[in-house]
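What follows is a short report on a single structure.
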Amino acid sequence: MDPDSIRKCMSLGYSSKKSKTTIGQYGNGFKTSTMRLGADVIVFSRATRGGKATQSVGLLSYTFLRRTGQDDVIVPMIDFDISGHWAEPIIYSSQDDWSSNLKTILEWSPFTSKDELMQQFEDLGPHGTKILIYNLWLNDEGIYELSFDDDNEDIQLRDEANHGGQTKLHKKIVELQSHISYQIRYSLRAYASILYLRKFTNFNIILRGKPVQQYIIADDLQHANKVTYRPQLAMTSKEVNVETTIGFIKEAPSLAVCGFNVYHKNRLIRVSVYTVYSIFLFM
């Protein structure tokens, strides 16, 4: 992201969503997701626009706002022009304002010097974004909501994952808890595996050092059938035809899993929306 884009991304009260029909209405935005995971987030981003290469650092910190008693939401950011052989600060108002933003970022982030901040760009290449979330939220017992210990290759929601921790469970319950439809409730690796409807070929999802293997549920259905779905839209709207795949999971009917997985622009936005029929529907 360039300096303008990162400000739009991190500033509260700003949204690039054009209407209520955009994907963001489902709560998949940067601010919603990061603030749900932890109190503070720092973002590093590089971009090249119009022949000008820049890198930016932004801090969205609930801890900073609360402890300093801020009435307004302040998001300190600093930018650099890296078109030359060194990082040149981009000054918008005054050097004092730029220095004040840098001081705030260093005081309330895990980094203690400007050099440490610059080191975070070393693995980004000419463009890319790195998001670091820290001061993760705790549950009612004072334990991190996210578990990094139960699986060295996964990040899990602790309370949801522990629901299956009992030693004496009915066989059917064990089968259900081992199914992808249950695992996506608490496992980031499982959720990421079905995040995209079509095979992605131009990027990888790496979780704790191990690539996520994509799982296309529609390819694993029994008695699969493709159906053309025509939403009932307003008279002034253009008619839309959506090809859907309907079928049964391999464990059906002994395993009662049903619902719609809804994808928008190739990305999952609604998981297992239940219907009166025991089917999966994919768009």
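The values are calculated or read from the model by the stated rules, or taken from the named source; none is laboratory data. What you see is a predicted model, and the numbers here were worked out from it, not measured in a lab. Ideal geometry is used to build each Cβ from the backbone, glycine not excepted, and the neighbour counts take in all protein chains shown.
Here's the yes/no breakdown for (1) part of a helix (DSSP H, G or I); (2) closer than 19 Å to Ser11 by Cα; (3) of a type in the set (Val, Ile, Thr):
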residue	(1), (2), (3)
Val43	no, yes, yes
Gln55	no, yes, no
Leu65	yes, yes, no
Trp86	no, no, no
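Within the stretch 145-160, residues that are assigned to a loop (DSSP other than H, G, I, E, B) have Cβ atoms under 6 Å from residues that are among the polar types (S, T, N, Q) in these pairs: Glu145/Asn139; Asp150/Gln156; Asp154/Ser187, counting only partners at least 6 apart in sequence or on another chain. Which residues, taken from the stretch 241-264, are surrounded by fewer than 10 Cβ atoms within 10 Å (Cβ to Cβ) and of a type in the set (Val, Ile, Thr)? Result: no residue meets the conditions. Mind checking whether some residue in the stretch 119-133 is loosely packed, with under 13 Cβ neighbours inside 10 Å, at pLDDT 95 or above, in the same structural domain as Ser83 (by TED's automatic domain parsing) and of a type in the set (S, T, N, Q)? Yes, the stretch 119-133 has at least one match. Residues in the stretch 196-253 that are closer than 27 Å to Ser178 by Cβ, aliphatic (A, V, I, L, M), at pLDDT 85 or above and in contact with a Leu (Cβ under 9 Å, 6 or more places away or on another chain): Leu197, Ile205, Leu207, Val212, Ile216, Ala218, Ile246.
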